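The values are calculated or read from the model by the stated rules, or taken from the named source; none is laboratory data. Just so you know, these numbers come straight off a predicted model, no measurement behind them. As a convention, Cβ positions derive from the backbone with ideal geometry for all residues, glycine included, and neighbour counts pool all protein chains shown. Ligands, DNA and RNA are excluded from the accessible area calculation, which covers all protein heavy atoms including side chains. Shrake-Rupley method; radii C 1.70, N 1.55, O 1.52, S 1.80 Å.
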Amino acid sequence: MRNKTIFSCLLVLVGALALAGCTSSNDEPAKPSPAPAAENKPAPTPEPAEPAEGPPAVQAKVVSNVVELGAGDDMKFNANEIRVEGGKKVTVNLTHLGKLPAANMGHNFVLLKKGVDLQAFALRAMNAGETQYIPEGDEVIVHTKVLGGGESTSVTFDAPEPGTYEFLCTFPGHFAVMQGRFVVS
Ligand code: CO
């Protein structure tokens, strides 16, 4: 008798639990899944443009501060970086490795002082044909004459203060490609 009562109680209890569970799962409205975040994000901001690094450095051959620099009919220097030691003389030997005459494919070496705007300088230089494409002013540390194919020339000067300078060919239309860094350590 007592056992049966307990059993009955258990049944009722189990039933109630089952009912409760059933009710609970039926009545509880399915929670709406969280709405996807409104797709109104601002457009991704473009990556900040890296300053143009330019082509990889090609070192000019330098032995004892004597620089060997060449340029050919392809309108390129064979190096875009020259490294020399400060506090000494520097000699730049420039050789035109091509065959075209200076009137068509002239090359020179022009080393600019720090802070000179290379492009603005080169655009002025274009109109200075009577002075070897070196315009009036004090922007230039040193320069060579303009060479044609097969010619070579040399210039010797005191290394400027340690730092990074720019060099170029000022023959009209060449500076965009024919330029490089001149680094004094
Ligand atoms: Co040139």
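Just a few scattered comments:
- Accessible-area order (highest first, 1.4 angstrom probe) of the listed residues His96, His143: His143, His96
- With the convex hull of its Cα atoms as the shape, the stretch 69-152 has an orientation-averaged projected area of 5.9 nm².
- Placing dummy labels 7 Å off each Cα toward the beta-carbon, the span from Ala103 to Val183 is 4.1 nm.
- Subset of Lys76/Lys114; Lys61/Lys114; Lys89/Lys113; Lys61/Lys99; Lys76/Lys145 violating a 20 Å alpha-carbon distance limit: Lys76/Lys114; Lys61/Lys114; Lys61/Lys99
- Electrostatic bookkeeping for Asn65 treats Lys and Arg as +1 and Asp and Glu as -1; over the other residues with beta carbon under 9 Å from its beta carbon, the sum is +1.
- Carbon plus sulfur fraction of accessible area for the stretch 146-185, probe 1.4 Å, in percent: 47 percent
- On the beta carbon distance between Gln59 and Glu136, with R0 = 45 Å, the FRET formula returns roughly 0.85.
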